[in-house]
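Encoded as structure tokens, the structure appears first; notes follow it.
The values are calculated or read from the model by the stated rules, or taken from the named source; none is laboratory data. Quick caveat, the model's predicted, so the values are computed rather than measured. Note that we place each Cβ from the backbone using ideal geometry, even for glycine, and neighbour counts take in every protein chain shown.
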Amino acid sequence: MKLQLFSLFSFVLLISSACRGEARRICKCRPNQWWCWPTGWDWDEFSTKLSTPNALIKNQRPMGAVCYPKDPLYDPVACQSLNYTLHGFDFAFMSSRINATNWYNYDSIIYPDYFEETEVGCPYFPLTPDSICEQGRVPLYAVNASTTQDIVEAIKLASKWDIRLVVKNTGHDAIGRAFGVNALEIFTYNMKNLTVHNNFVPKGAPRGTPPVPAMTVGAGVNWDQAYAAADAAGRTIAGGLSPMGTVGTAGWNLGTGHSLLSSHFGLGVDNSLEFTVVLPDASVVTVNEYLTPDLYWAIRGGGGPSFGVVVDITIKLHEAKKYTGAFYESYCNSDACFLELLTTWMKYHNAVADAGWSGIWPTCDRIFYLTLGTPYDVAPSRQTINVLKEFMEEAKGILGNHVTVSEFRDYDSFEDFCEKNLKQDPTAVGFNMTEIVFGQVQLVTSSWLLPREATAPENAAKMAKAVASVDSAVVVPFLVGGGAVNDPAKKSSSAANPAWRNTLVDMTIAETGSEFDDINVLQKTVHDDIAPFRAMAPPPYGGMYLNEADILEEEWQVAQWGEQYPRLLEIKKRIDPKDLLIVRMGVNSEGWDDEITCKTVTTSLAAYAFTRTKTVTTNLAAYAFTRTTEIASVWVLVVVLILTLVSLNWYLQLVDTRPVVSLFQAFL
């Protein structure tokens, strides 16, 4: 009886243990795992399904590999060409690379400070003669996509073999989401189709829906190309402000998208009418408010590529307008002068925004800049001009403030303004957005969305002190809120952070460094620098711009999406149950490590065992099936050996082996 009770007790413990939640790790497949990683034959077969066999890049190496004498790709001529290009830091060149992002630290694996080596990658130029070009975060395989089918096949392959999947267009994302360790990369840069519509109506719209002018842009179109096309069509498009116009339209839109035209026409999410998207199940869908309302809500501001890989976006166009730019630059010879200058500016800040101006007001090393603009039909009003003139006049009288630029310029269009101020135009004035210090190959950012209360005249001294306290980094506040952005009716119309509907300025801080600088220190610097601004408007009233994220922000869910996050998470889990399109600090990335390689989950032992057994069995079955031809010769040898042993055993049982054994023993 005691034995029976003990057995029953043991059985109950076993069942209890099996049902109890246990923390376990599940991981993406890696190249050194033969049971789940595709063979060379699998990759060759995959390449035949793409638009061209050359669309697949196998064993991709980092861009700097050509400069390493010990690397198989070493090429002194190619290295010299690369050195010449990067000496001037060609933004267009960097944005077009399939094997590099815009900054070295996004290509590298970052380790904490307590590691001997905190950054493992392939600096564009060797740090020492014996340096080795490490793979870092540069994907081993890449699909140079030119068609929708290329994207579909890449998703199918990654899903079948459970491989990390990343998507890169121009690589401007501020925390390196475009690359990943042991990943398969979908490179959309060359998807440049562009169509202007005079009368666009989304698919599935009810009869009588009024048409609007719009432009459909492929996933690889950047803002320089979009501005030129809109201008040629006699229209205006609200897009990003970027050096050489190299920021891509797709990633900018998925991350919410702010513009110098936002206060007049709204955010990027307010102008995105329709998307063509390849979902994680490899289906191609049209996403708009009529056919797929949940996905349309989520993809606008939910971040890319969390809800699917974008093939193209249709964006609303607006009537053409002329544009006036306002420029200011001055240098203070003391901290006291600089603080007074900033305080003076903050007294005018909100009035300048209310007068219709948008733009940036960067500061660094006691230098203060204004690069602002406003669209108009005939001419800017006297009030619009006067509010800035009043600031410029008062700033001129500050002791120790040396003014070098203070002027207004008229442009034929917003595209004309961008062409003459975002490129290396000799006539450009004010803050030079194309200027990069040679050798500064690392970049980190942080941002915080501030409401108009934080920048009100009564808080001028407080805000000025916070800006002046930023030491080595560059402060680049984007005055892009107010007006159409602050429409309360749009607060829940998309997944964009509701804090945007209170925002007047996106306070952004950027820090650069050489390949020798500790990236952990740079990240901590901007994180600490943004803290005073975060305290002025804690989430959910304030927030973080998704496209300029702070990689050290711990409350990233509420900081990036506010109260929208639970709904986003529900939609994400529904359309991507296999976690195929996960990015760092992206929707449903909780539990995943920084490189989205392994995830810690809590599950019962029984469920885990069943799931893993099923997964392993499935993978091994697929593995055995796909390798039948590859290892047939090995199996033939094994079968022959078995048959030989069986025959020998049968023969020995039929004959008298004693003489043979005696003879063998005689030799021992």
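Residues that are in contact with a Ser or Thr (Cβ under 8 Å, 6 or more places away or on another chain) and among the hydroxyl-bearing types (S, T, Y) were ranked within the range 525-584; the one that is nearest to A473 (Cα to Cα) is T525. Selection over the range 69-122 of residues that are in a helix (DSSP H, G or I), modelled with pLDDT of 85 or more and within 20 Å of L422 (Cα to Cα) gives a count of 3. Among the candidates G257, G251, G266, the residue that is assigned by TED's automatic domain parsing to the domain that holds V287 and over 17 Å from the mean Cα position of the chain (by Cα) is uniquely G266. Scanning the range 540-576 for residues being surrounded by fewer than 17 Cβ atoms within 10 Å (Cβ to Cβ) and among the charged types (D, E, K, R) gives a total of 7.
Go through the range 565-593 residue by residue and tally those that are over 17 Å from P538 (Cβ atoms), of a type outside the set (K, R) and over 16 Å from the mean Cα position of the chain (by Cα). Counting residues in the range 565-593 that are over 17 Å from P538 (Cβ atoms), of a type outside the set (K, R) and over 16 Å from the mean Cα position of the chain (by Cα) gives 13.
Residues considered: D354, D312, D335. Of these, the only one that is acidic (D, E) and either under 22 Å from the mean Cα position of the chain (by Cα) or crowded, with 23+ Cβ neighbours inside 10 Å (or both) is D312.
In the range 197-208 there is at least one residue that is more than 21 Å from A549 (Cβ to Cβ), among the β-branched types (V, I, T) and either assigned to a strand (DSSP E or B) or touching a Pro at 6+ places or on another chain (Cβ under 9 Å) (or both). For the subset of the range 352-377 comprising residues that are outside any strand (DSSP E or B) and free of Cβ contacts under 8 Å to residues at least 40 places away in the same chain, which member is nearest to S330 (Cα to Cα)? If we take residues in the range 352-377 being outside any strand (DSSP E or B) and free of Cβ contacts under 8 Å to residues at least 40 places away in the same chain, then R366 is nearest to S330 (Cα to Cα).
Tell me whether the range 545-560 contains one or more residues that are at pLDDT below 95, over 20 Å from I299 (Cα atoms) and part of a loop (DSSP other than H, G, I, E, B). Scanning the range 545-560, I find no residue that is at pLDDT below 95, over 20 Å from I299 (Cα atoms) and part of a loop (DSSP other than H, G, I, E, B), so the answer is no.
For beta carbons closer than 6 Å, sequence separation of 6+ or different chains, a first residue in the range 569-582 that is under 17 Å from S494 (Cα atoms) and touching a residue at least 40 places away in the same chain (Cβ under 8 Å) and a second that is part of a loop (DSSP other than H, G, I, E, B) and among the polar types (S, T, N, Q), the qualifying pairs are K572/N588. Can you tell me which residue is surrounded by the fewest Cβ atoms within 10 Å (Cβ to Cβ) among those in the range 147-175 that are modelled with pLDDT of 95 or more and of a type in the set (G, A, S)? Only one residue tops the list, namely S159. At pLDDT 95 or above and more than 30 Å from D71 (Cβ to Cβ) - does that describe any residue in the range 123-146? Looking through the range 123-146, none of the residues is at pLDDT 95 or above and more than 30 Å from D71 (Cβ to Cβ).
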